[in-house]
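To keep things clear, I will list the structure first and then write my remarks on it.
The values are calculated or read from the model by the stated rules, or taken from the named source; none is laboratory data. In this text, all values refer to a predicted model and were calculated from it rather than measured experimentally. Quick reminder, even Gly has a Cβ in these numbers, built from the backbone with ideal geometry, and neighbours come from all protein chains shown. Accessible surface areas use protein heavy atoms only, side chains included; no ligands, DNA or RNA. Shrake-Rupley method; radii C 1.70, N 1.55, O 1.52, S 1.80 Å.
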Amino acid sequence: MGKLQGLLFALATVVLVVVSTAYFMKPWMPPLLSDRGDIDHAIWVALVLTGVVFILTNLLLAWFSWRYQDAEGARAIYWHDNPKLEWTWTLVTAAILFVILFNALGLWASINGPAPADAALVEVTGQQFAWNVRYPGKDGILGRTDFKLASQENLIGLDPADAAGKDDVLLLNQLYLPKDRAIRVRVRSMDVIHSFFLPQFRVKQDAMPGMVTEVWFTAKELTPPDKPLEIACAEHCGLGHYRMRGQVHVVAASELDAAVAAAAGQ
Ligand SMILES: [Cu+2]
């Protein structure tokens, strides 16, 4: 590679990375509306650490291609190994990865720890290509389900023999969250792997067929009634993946039951 190409290559890479990061961070990280600020912190730590390394590497690449460019009479040299250099880059990389790991361990523990005792409960079941949302109703208990009972009339296989399921409230693609009250979300799938994603709340949980996974978080801002937020599917799950989206409404905690009942047409 010639002198000019080397410089242009490295500069273009650096500029592209910086500009695209600044440009895409906005849709990736919409304003935070939940108590999960630590996720943003972890993302920033990882981004800054890897970003600095990436930019330094590309500057080095530019310098090398300029410094050791082809020249009249220059001879290539070859050497077999350099243990000191190899140890250095291995240990430095390991140290950076440890910083990222330890930074995230506490976060992982807090996200996956037990939810507050007064948390509300909702179940979200992914299905090609929609989100079935179920609230437990007055008894606070979600009725039993069995995939063998699933049909066009009973999408998530609710068991009619279970009394706890009688007052369950089913919604399609509509999720209501209480403001300032923790909510436990039971995530399930009826068919393939989906991923329950609420970008503004920094919640992303795979929906695995045959498994019930629980996540919890607390919504911190009300959404205007005419401006609901999005539930996205973050796992490519089939031809209709792009239209597998729902709406999220954050309401006052005291109005949650009424809002859910109204949405169900009760
Ligand atoms: Cu999906």
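Apply the a/c threshold of 1.5 to the C-alpha gyration tensor of the stretch 194-252 and tell me whether it is rounded, prolate or oblate. Oblate is the answer for the stretch 194-252, as a/c is 1.5 or above yet b/c matches or exceeds a/b. A straight Cα-to-Cα reach below 18 Å connects Lys166 with the aspartates and glutamates Glu123, Asp139, Asp146, Glu153, Asp257, residues fewer than 8 places away in its own chain not being considered.
The GNM of the chain, with springs linking C-alpha atoms under 10 angstrom apart, assigns the highest mean-square fluctuation among Ile55, Ile193, Ile77 to Ile77.
A simple charge model with +1 on the Cβ of Lys and Arg, -1 on the Cβ of Asp and Glu and nothing else charged puts the dipole of the stretch 120-263 at about 320 debye relative to its Cα centre.
Structure remark: mean-square fluctuation, Gaussian network model of the chain, C-alpha springs under 10 Å; the largest value among Leu60, Leu158, Leu177 belongs to Leu60.
Probing with 1.4 Å while keeping every protein chain in the model, the per residue accessible area of the stretch 120-263 equals 48 Å².
When shorter helices are ignored and each DSSP H run of at least 4 residues is given -39500 (n - 2.57), the per-residue value for the chain at 222 nm works out to -12500 deg cm²/dmol. Overall, the accessible surface of the chain at a probe of 1.4 angstrom is composed of carbon and sulfur to the extent of 65 percent. Build a GNM of the chain with springs between Cα atoms under 10 Å: which of Leu121, Leu101, Leu198 gets the top mean-square fluctuation? Result for the chain, Cα springs under 10 Å: Leu101 fluctuates most.
Counted residue by residue at 0.36 nm each, then reduced by the alpha carbon distance between them, the extension gain from Arg243 to Val15 reaches 78.7 nm. Note that the stretch 120-263 carries a Kirkwood radius of 15.2 Å, evaluated over its alpha carbons pair by pair. Loop-located trypsin sites (Lys or Arg not before Pro) across the stretch 34-137 with a Cβ neighbour count of 12 or fewer within 10 Å are Arg75, with loop assigned by DSSP. One equal scatterer on each Cα of the chain, no solvent, Debye formula: the resulting log10 I(q)/I(0) at q = 0.12 Å⁻¹ is -0.83.
Put +1 on the Cβ of each Lys and Arg and -1 on the Cβ of each Asp and Glu in the stretch 120-263; which of Asn173, Ala120, Phe196 then has its Cα farthest toward the positive end of the dipole? So the residue furthest toward the plus end is Phe196. The alpha-carbon of Lys148 sits under 17 angstrom from the alpha-carbons of these aspartates and glutamates, leaving out residues fewer than 8 places away in its chain: Asp159, Asp162, Asp191.
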